[in-house]
4 protein chains.
Amino acid sequence: MNTFGKLLTLTSFGESHGEAVGGVLDGFPAGIRIHMDFLQEALTRRSPMQQAGSGRKEPDSVEFLSGVYEGVSLGSPIAFLIRNQDAHSGDYAALKHLFRPAHADDTYFHKYGVRDERGGGRASARETAVRVAGGALAEMFLKQLCERQGAPEIEIHAYTKQIGTVCLPDEAENALDMAEIYTSPTRCPHEETDRKMQEVLKQCREEKDSTGGVVRCVVKNMPRNLGEPIYDKLSARLAGAMLGINAARGFEIGMGFDAAAQKGSVHNDTWREDGNTTHNYAGGVRGGISTGEALTFNVAFKPIPSLMREQTLLREDGKLENITLTGRHDVCCVPRAVSVVKAMTALVLADFTLLDRCSRL
Amino acid sequence: MNTFGKLLTLTSFGESHGEAVGGVLDGFPAGIRIHMDFLQEALTRRSPMQQAGSGRKEPDSVEFLSGVYEGVSLGSPIAFLIRNQDAHSGDYAALKHLFRPAHADDTYFHKYGVRDERGGGRASARETAVRVAGGALAEMFLKQLCERQGAPEIEIHAYTKQIGTVCLPDEAENALDMAEIYTSPTRCPHEETDRKMQEVLKQCREEKDSTGGVVRCVVKNMPRNLGEPIYDKLSARLAGAMLGINAARGFEIGMGFDAAAQKGSVHNDTWREDGNTTHNYAGGVRGGISTGEALTFNVAFKPIPSLMREQTLLREDGKLENITLTGRHDVCCVPRAVSVVKAMTALVLADFTLLDRCSRL
Amino acid sequence: MNTFGKLLTLTSFGESHGEAVGGVLDGFPAGIRIHMDFLQEALTRRSPMQQAGSGRKEPDSVEFLSGVYEGVSLGSPIAFLIRNQDAHSGDYAALKHLFRPAHADDTYFHKYGVRDERGGGRASARETAVRVAGGALAEMFLKQLCERQGAPEIEIHAYTKQIGTVCLPDEAENALDMAEIYTSPTRCPHEETDRKMQEVLKQCREEKDSTGGVVRCVVKNMPRNLGEPIYDKLSARLAGAMLGINAARGFEIGMGFDAAAQKGSVHNDTWREDGNTTHNYAGGVRGGISTGEALTFNVAFKPIPSLMREQTLLREDGKLENITLTGRHDVCCVPRAVSVVKAMTALVLADFTLLDRCSRL
Amino acid sequence: MNTFGKLLTLTSFGESHGEAVGGVLDGFPAGIRIHMDFLQEALTRRSPMQQAGSGRKEPDSVEFLSGVYEGVSLGSPIAFLIRNQDAHSGDYAALKHLFRPAHADDTYFHKYGVRDERGGGRASARETAVRVAGGALAEMFLKQLCERQGAPEIEIHAYTKQIGTVCLPDEAENALDMAEIYTSPTRCPHEETDRKMQEVLKQCREEKDSTGGVVRCVVKNMPRNLGEPIYDKLSARLAGAMLGINAARGFEIGMGFDAAAQKGSVHNDTWREDGNTTHNYAGGVRGGISTGEALTFNVAFKPIPSLMREQTLLREDGKLENITLTGRHDVCCVPRAVSVVKAMTALVLADFTLLDRCSRL
């Protein structure tokens, strides 16, 4: 249940305010060079330190326990952990018998009968650091495989498409410089939109409110043949991977929900002689299998539920109670979710790359 | 890869124009009464016979091979098959070396090196009959479990929310009579919208075009505690299940993509003293676990790609060729997808019901 | 639970006296030529028709439902079924509320609360026909892969090593002509031992008794690198596969139980310069991974429990009852188990062959 | 591949001389009291400190990282690690391009292309500490479940049955006092046999040789209904679990290999009116499902391959080389394997206990 993937599997563990979060990446092929700086950079990008709105100061430095020897993967499980060094569990003592609105407090309590109320416990977004570390390793595999095969290097780009009501204009999509994604804390690589988004975030902080948004992911130099019909289509696995991210509420691939209103005569993208299509309306997946065109999808996120204002909480005994929560919280998860979307995409693609080795005699 | 589920697993087989499609449902608990009429009705509702736009006349009658004895499930695998009796494979001979636009022809060919070009082979929507049969069995389990526990009977309702640009108005949602779903071939239980949708479909047929749409699913009397964090959240598994349906392009739960523009102060649904929320913005899932409130989600479908007009196809050798396809095709998959969405939902909920038996000591 | 394998999976279904037994082989690579005569011969060898002691006359002819097109595997699930044509269910009516000694009657009843008492239901050895069909397909894959790679063709030989107290002498092992295995109904390719075994079987039939025995399996031209440490060692998976066969009671690889009494200075097989060892005491597996030397293991089987003499049965209500059973039964399962051991070995090796495609970058 | 179990899963990681070995136990139900002293005692019993023949001095103290809060399991993954504090990696520098006889050095090298030569790397028996920790947790679950159900407490006893040619006499089996198992370093709870075994071990040390042996496992107060036909029989899963232990070479349940020579009229154990059998020849499993009688099986182990005398090693380049190895090694793995057999049994039984919750409506 806490394991993601079929051949390349990431098993995650850890509560937000326990000893550590961490993971075990199994099925990782032997002979891959492990670049620690690449991994650390991925973690740093996800980390709250870069987000103006978050007070948590942990460096999220990863410790490897196994599976790597002399800088190269052994083919054995790669275990790693990230200590929880900066946890203020005292902030949560008041919550022991209270369920916050729009959190998982009550559902964990009912399902398990017990819960770690500190920082959301297992339901905390802190767990996503594990995914980012696993995803960075998966990306190393994908890139070194391209190198080995003499293919153009795969590029997985996730960025902020929408925050609140501010949305990146469609006409800007094709001109984006992906190298700009991490230059702004919003993770939106479009200067004008970035400025408006920063304004929204600033206003949220002032109003002690929060907002949702949308992450877009575009994979360039995408390999063909990834995805397994029927139930394990590339689009299906990606949807599952994305809705598994904290606060995710929706997924769409290619034209997504807009395809519902299209006519077939329009949506049936015309072939070009190179075997690609004119518009890539399919978002790089037909019949659940990658076409080799760019993979494109969106993921919607709801507003962060923790607000620094008075809210009504539900007590275990069914009574309501008004409380002003303390603690440290972002006002929008989207800029950090960008890193998680990218990581989960890498894990999915790496797993399917291995699975496709078994498609043909 | 062709198996869905973790404890309750449906393994599907069959090409559209092969001998049969069918499935093996394993992990199905012993002692459940199997109602053949309930199952057959589910298949009939999915069947093209009820769709004005489809010419295929197969009754889709299911043959059980194992797992049921004296009307009761044995706990052993339930195998069933549905013969392909009305397949006009000759219609497809011309397609042996051609890839239709927006189909899976080319991706299957590249992935496997061989393909069954007849009727889309494995990629055909005919496979969804297997899901409907499996889902009907899963629903019997869920309902008999409610009965056993003295709980109100779970109700899984899927219906057409949008066809083309015609969409069921939000304000109509709460007044729907779910008993009306199957009275119209559109599967929309709202008279006025149904009439408009029928008009859209009629126009598509006249123009030899097709259209997309959206299916909405609402589960009433939903049990608590279903869904397994972290990667196997109820929302994640549903998203994967839905995107695994042919032509699906998007999934959203609760407020879905609209949550992106919401403020936390709005989206943070207020508690009522009964432990439910005022608006159920979460769609019945918090932290990946069901809350016991109604489960609500939408699935977007693209237009059916097979058009009865001249289209440009891609040849295996990379040349383009204009062809007018023959054969029998719907103009919109949504009315039939309603049955598949319902079935996949039942399979997901039944599987999680079994998994939750292991959550606590 | 009724699925065997990780990447190449065989899902089995069917009760002995239900409509059919059958299977779905998934993960089978595309592009493999399917030889129906090879498959049918494997089924015929397992079939009771060849055993003097069994009265059941079914031809065990297999019907393919999917996954094969124009004689070649499609990469989609291969479903097949074998109808139960010659079932005398009336023989079992008396057993509805009785548990036979050394059968699974009582354990199925307690576990599931219901059971199909006809012919042992799901616990019948009839299910092994499914394994033999799946194994034959796996063997085609393994052999065609050798051909593709220009490697010597893998040979999986299973034969009878012991029946009752008659055991093939160790010194005869190296001189066996594996082509002789199927010339005798005992499946022992050693003339003198075969004669003695036939005598044992004849005596059992006369005394209305039964006997156990041992199957030995030797795989020649075995590929390197098969098996996945830690928990999925080749030896571990084989042990699980073999103990999963009806009536199996023991498994040993290489020196097996005799290794317990050996000194390390003896068991530490000396290297030869070609990288092989002098005695292959390890049976072709070190650290759970195949060495490329011959794979050798034994499987012990208990006597068939169905005897044509009066026996004491346990009633559901806890009383004992003396009954003389009717029906048709072998006196020793070993000659037929030979086919099942071979089939399960092929399934294991094919699955590990696919898994090993993912070991290295 | 490094994950054991289906619902209760233990994912293992770590090389012998890397940072740590450890595991993640997932699917562990919430609400179980975690007794650290019970766990530590299990690890201490496995540890080389208690074995006269082994020089490694690590205390094997376990560090919990997650899944336990206020002394109770949370239902989330329990991660733990055991640091490698006393590793003399220098001992192994000479082995970088050499393959020892009867070790996994060459098979890992060929499979992965790289290897961690220090202390056997991933193939080291040090990994079994992870199993012992996981098994101790599984045992807590099993015992607390008995307590909850008011059933007699399950007892899993593994002990040394044979070392070299010294074997516990059959007639002694029934009179064993299981409380004596851990009083002797041989783990044989029979005074006279224990003395002879100690003599064998002493002689091996003097001769710089090693020896094999057999572990026997007896589970008392065994619950009914554990085990899943067809491929996941209790006997099959146990066989796989046991052959997955380092140096294991054979497995037999109940009468095991001796059943091969039995007549059915003997082996068909007679019923008693309490539903049990007279001799429990079946070892507590019929049709792959536990009968509620004692579970009994044996596991054979080969001699430890590391000898402190000159041996011939194979070089990567195919040449042979005579070397006297240094390092610290037991002369027989059986006394420590006792702990591992017990642990794997607990993991298997706990997993099947969860699976059986889904057998019936």
For D:Gly264: the one exception among (1) open to solvent by less than 20 Å² (accessible area, probe 1.4 Å); (2) in contact (Cβ under 8 Å) with a residue 40 or more places away in the chain: (2)
Tally, over the range D:107-122, of residues that are within 20 Å of C:Asn276 (Cα to Cα) and at the interface with chain C (Cβ under 7 Å from one of its Cβ atoms): 6
Residue list for the range D:117-139, filter: of a type in the set (A, V, I, L, M, F, W, C) and under 12 Å from D:Leu347 (Cβ atoms): D:Val130, D:Val132, D:Ala133, D:Ala136, D:Leu137, D:Ala138
Some residue of the range C:245-261 being touching a Phe, Trp or Tyr at 6+ places or on another chain (Cβ under 8 Å) and free of Cβ contacts under 8 Å to residues at least 12 places away in the same chain: yes
Unique match (being of a type outside the set (A, V, I, L, M, F, W, C) and in contact (Cβ under 8 Å) with a residue 60 or more places away in the chain) among D:Thr211, D:Thr193, D:Thr183: D:Thr211
Condition check for B:Thr128: outside any strand (DSSP E or B), of a type in the set (S, T, N, Q), at pLDDT 95 or above and closer than 22 Å to A:Ser359 by Cβ: no
Count of the range D:1-24 residues which are of a type outside the set (Gly, Ala, Ser), over 17 Å from the mean Cα position of the chain (by Cα) and part of a strand (DSSP E or B): 1
The range C:319-329, residues that are modelled with pLDDT of 90 or more and part of a loop (DSSP other than H, G, I, E, B): C:Lys319
Checking D:Ala179 against (1) open to solvent by 20 Å² or more (accessible area, probe 1.4 Å); (2) within 7 Å of another protein chain (Cβ to nearest Cβ); (3) out of contact with any strand residue (DSSP E or B) (no Cβ under 7 Å at 6 or more places or on another chain), the condition it does not meet: (2)
Subset of the range A:112-138 [open to solvent by less than 10 Å² (accessible area, probe 1.4 Å) and either farther than 30 Å from B:Tyr281 by Cβ or aliphatic (A, V, I, L, M) (or both)]: A:Ala129, A:Val130, A:Val132, A:Ala133, A:Gly134, A:Ala136, A:Leu137, A:Ala138
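Within the range A:60-83, how many residues are of a type in the set (Gly, Ala, Ser) and closer than 15 Å to D:Glu63 by Cβ?
The qualifying residues number 2.
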Out of D:Thr270, D:Thr278, sole residue that is open to solvent by 50 Å² or more (accessible area, probe 1.4 Å), at the interface with chain C (Cβ under 7 Å from one of its Cβ atoms) and closer than 21 Å to C:Thr211 by Cα: D:Thr270
Residues (within 10 Å of chain B (Cβ to nearest Cβ) and in a loop (DSSP other than H, G, I, E, B)) located in the range A:330-350: A:Val331, A:Cys332
Top-ranked residue in the range D:166-176 [being of a type outside the set (D, E, K, R) and free of Cβ contacts under 8 Å to residues at least 24 places away in the same chain; ranked as most open to solvent (accessible area, probe 1.4 Å)]: D:Asn174
Filtered residue count, the range B:74-111, keeping only those that are more than 26 Å from the chain's Cα centre (by Cα), at pLDDT 90 or above and open to solvent by less than 50 Å² (accessible area, probe 1.4 Å): 2
From C:Ala179, C:Ala172, C:Ala102, residue being out of contact with any helix residue (DSSP H, G or I) (no Cβ under 6 Å at 6 or more places or on another chain) and in a loop (DSSP other than H, G, I, E, B): C:Ala102
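Being in contact with a Leu (Cβ under 7 Å, 6 or more places away or on another chain), more than 7 Å from chain B (Cβ to nearest Cβ) and crowded, with 24+ Cβ neighbours inside 10 Å: is that true of A:Gly227 here?
yes
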Residue among B:Leu307, B:Leu314 that is farther than 25 Å from B:Tyr159 by Cβ, among the hydrophobic types (A, V, I, L, M, F, W, C), in contact with a helix residue (DSSP H, G or I) (Cβ under 7 Å, 6 or more places away or on another chain) and not in a loop (DSSP other than H, G, I, E, B): B:Leu314
Some residue of the range B:104-117 being of a type in the set (S, T, N, Q) and out of contact with any Leu (no Cβ under 9 Å at 6 or more places or on another chain): yes
Of residues in the range B:305-361 being out of contact with any strand residue (DSSP E or B) (no Cβ under 9 Å at 6 or more places or on another chain) and among the polar types (S, T, N, Q), the one farthest from B:Asp105 (Cα to Cα): B:Thr353
B:Glu153 open to solvent by 40 Å² or more (accessible area, probe 1.4 Å), out of contact with any strand residue (DSSP E or B) (no Cβ under 7 Å at 6 or more places or on another chain), of a type in the set (D, E, K, R) and under 26 Å from B:Asp351 (Cα atoms): yes
Residue in the range A:182-191 that is most open to solvent (accessible area, probe 1.4 Å), counting only those that are assigned to a helix (DSSP H, G or I) and not charged (D, E, K, R): A:Thr183
Complete set of residues in the range B:1-34 that are open to solvent by 10 Å² or more (accessible area, probe 1.4 Å), at the interface with another protein chain (Cβ under 7 Å from one of its Cβ atoms) and charged (D, E, K, R): B:Glu19
Residues of the range B:294-312 classified as in contact with a Ser or Thr (Cβ under 7 Å, 6 or more places away or on another chain) and under 22 Å from A:Phe301 (Cβ atoms), total: 0
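Residues checked against (1) within 25 Å of B:Thr211 (Cα to Cα); (2) not β-branched (Val, Ile, Thr):
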position	(1), (2)
A:Ile163	no, no
A:Asp170	yes, yes
A:Asn174	no, yes
A:Lys208	no, yes
A:Leu243	no, yes
A:Arg249	no, yes
A:Lys263	yes, yes
Residue in the range C:307-326 that is least open to solvent (accessible area, probe 1.4 Å), counting only those that are farther than 13 Å from C:Leu98 by Cβ and more than 7 Å from chain D (Cβ to nearest Cβ): C:Met308
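The values are calculated or read from the model by the stated rules, or taken from the named source; none is laboratory data. Everything quoted here is computed from the prediction, not taken from an experiment. FYI the Cβ positions are ideal-geometry reconstructions off the backbone, even for glycines, and counts take in every protein chain you see. Each accessible area value is taken on the protein alone, full model and side chains, heavy atoms only, with ligands, DNA and RNA left out. Shrake-Rupley method; radii C 1.70, N 1.55, O 1.52, S 1.80 Å.
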